[in-house]
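Below: one structure, written as structure tokens.
Where a number appears in this text, it was derived from the coordinates with a stated rule and is not lab data. Only a predicted model underlies this, so the values are computations on that prediction, with no experimental measurement involved. Neighbour counts run over all protein chains shown; Cβ positions are idealised from the backbone, glycine included.
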Amino acid sequence: MGKPKEPCQHQRDTLPLPSQDSETEPLDPTPVETKEVSRVAKWVNSRSFAKKGISYLFSSKEDRDIVQGKGAAAANAGPVLPECEICKEDKKRRRKYRWKLILTLLLPNFMNSLDLTVIATAVPEIASDFNRISQLSWIVNAFTLTSTAFVLAYGQFSDVFGRHWMLQFGIFFVLIGSLICALSHSYSLFLFGRALQGLGYAGIGTLTKIILSDKVSLKENSTNNTIFVLLNGISFGCGPVIGGYLTAVDWRWCFWINLPMAAISHVAVFFVMRKELLGPQPQIVTDEHGNTMSIERYGFLEKLSVIDYGGITIFITGACLFILGLLWGGADYHWTSAAVLVPLIVGILLIICFFYYEHLMEPGNAMAKVFPNQTAMLPWSLLRKRDIGVLSYLNFTTGMALFSAFYFVSVYFTIVEGYPAWRAGVQLLYYTPGLGVGAYLAIFICNVYPKQTWLPMFLGSWIEPLGLGLLAYALTIRNVAMVNGFLALSGVGTGIRFMPGTLHAVGMEPKRIARVVSLMGFVLPLGGTLGLTMMGSVFNNELAKGFSGIGAGSTGLDGKDTGRSAQSIDEIQALPAPILDLVQEVAKKAVVWSYVAIIPLVGLGGIVACFLGNVQITGANPDDMVDNEAETKKGEVIDEPYLFWLLKHRRRLGNKTEPVVTKGDA
């Protein structure tokens, strides 16, 4: 049921006060009792033709007249409060800003999503063309390695140099990387192009989320994110299909297609959004007495002096060594060999050193005094918060599930079922309805009811591992219909967590939007990278073990009976039927065990989600959230485990007059 319209804050401030000499009653800001109308009746004023039609079908004429201010029903309903001109102009400004965001960021984000998904069905063909089936995972890992390692740096760079130039930087590297991949005839050069693509992907994805969070309330942020979540869902669904058809012609078209989109994106961002985007942000520095202050950096050299070079170097080196150790383990070297253990151990130690270094870079600490102009790439005060840690792990597992669905399901359909690339891409379309349902549930929960971030994150953390577990079972019995169904279920768990994670982080840390958004953007591809690394290592190991078990060499079917290897899809499909069945069985087991390797980590997310707090989606201005953070958090942010908070306050939930009490920052 609808509620009577109440005056806005501007109208309350300008209402006339009672006069002792006046015989007339002043305008009462309290609305008179009116007949409540249904939500469906209010849709008669909607700009959506679908909602307007539903309103005419399922609501009474009397209710529609009240909403539209027509006839006797509206007259009896009491005085209609005029629309506030200030609110009207503000609404118009926000709508104009949103359309600018859509028109300029839609194309680069569509291109970004295609970069991630369009080659999902092309990966086996590309590896086969270069005769590198055993190194198939490097096509993905070269991309995800750079797209992961540089996300945090983009967060700091966007504060130092401004949003516009860093967004252009990301688009440029996608363009150059795509050109190199399309023209390359050596595998090493192709992987270099993929690495550049990943560098650009990190910039576009991170800057888009930061820009959507800038200059808007959480409610507006939720609305803006809704549009791009739907776009990503469409792109994730269309990407493998487009890639399949392009691969059927020539896999190089998967990269040629990026060139015109990147060129148009450069021009659109420069002419439409350049003046709208936030420029360089003030930097928090520490003086010689340990006092902190906010300083504007204007010159280029001054801006360079702010960058956390030590943190960036330590982190990227440690992350790369750790991932290389995982890639080499079992596939190229034995797990107990120095070639695997040294990069793994050194990488872990460097990552630990990175966190300690960032702690020392906090204002007043040792490294902050040595480098007074530099600011931490990832502030320690951010890392030590419980909700940030929980969100990081949940986004980490989302990346694992997302990347595994696109790449290894495609490997299954291409090698095990023998589908051509275009048909394997069509099969991945079943993931799209799942993503769509999950995204819609997140949109409804965040925008309509109950307007919070905890519920979608909690539900997705349990649905996702359930879907992956059932998917692994369906792969085991080679039931294509079940594979499609459980792939969609897994997509629900992934789609429902896309948007709320970023909203939750921004609601918890409104003062540090770029850093917290870049952190969330970092852990998602990190989960994808480590997940694919683990799955790739297990896949290669199981493949080698399986080939050995059927009397073939570690590199494939190089026995005398066939004269062929398993390094090319065409040669695999040309094998005699009995041998082909053996190869497909080996490949199926390798894919299944790849999923089994990550399911425990994804399943742990359900337990971790029990310790997540909650952010209520409101229309509060972000400036007010910064200036009056203590007051704004009251009743909007629950920064203790929300599940336990609900159990503790279950008797208070029905009492509307009792204020919501929250804890302070953890």
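Annotations
- Approximating the spin labels as points 7 Å out from Cα along Cα→Cβ, the residue 309-to-residue 342 distance works out to 2.7 nm.
- With semi-axes defined as the square roots of five times the eigenvalues of the C-alpha gyration tensor, the equivalent ellipsoid of region 449-495 measures 26, 9, 5 Å, largest first.
- Protection proxy ranking of 512-521, 198-207, by the mean of other Cβ atoms within 10 Å over each peptide's residues and highest first, is 198-207, 512-521.
- Subset of 88/303; 219/385; 92/451; 275/511 violating a 29 Å alpha-carbon distance limit: 88/303
- Computed over region 160-268, the percent of Cα pairs more than 24 Å apart is 33.
- Using a simple spin-label model with pseudo-atoms 7 Å out from Cα toward Cβ, residue 447 and residue 99 lie 1.8 nm apart.
- Label zone at residue 245, where the point sits 7 Å out along the Cα-to-Cβ direction: region 409-450 residues whose backbone N lies under 13 Å: 422-423, 425-426
- Ordering of 386-395, 529-538 by burial proxy (mean other Cβ atoms within 10 Å per residue, highest first): 529-538, 386-395
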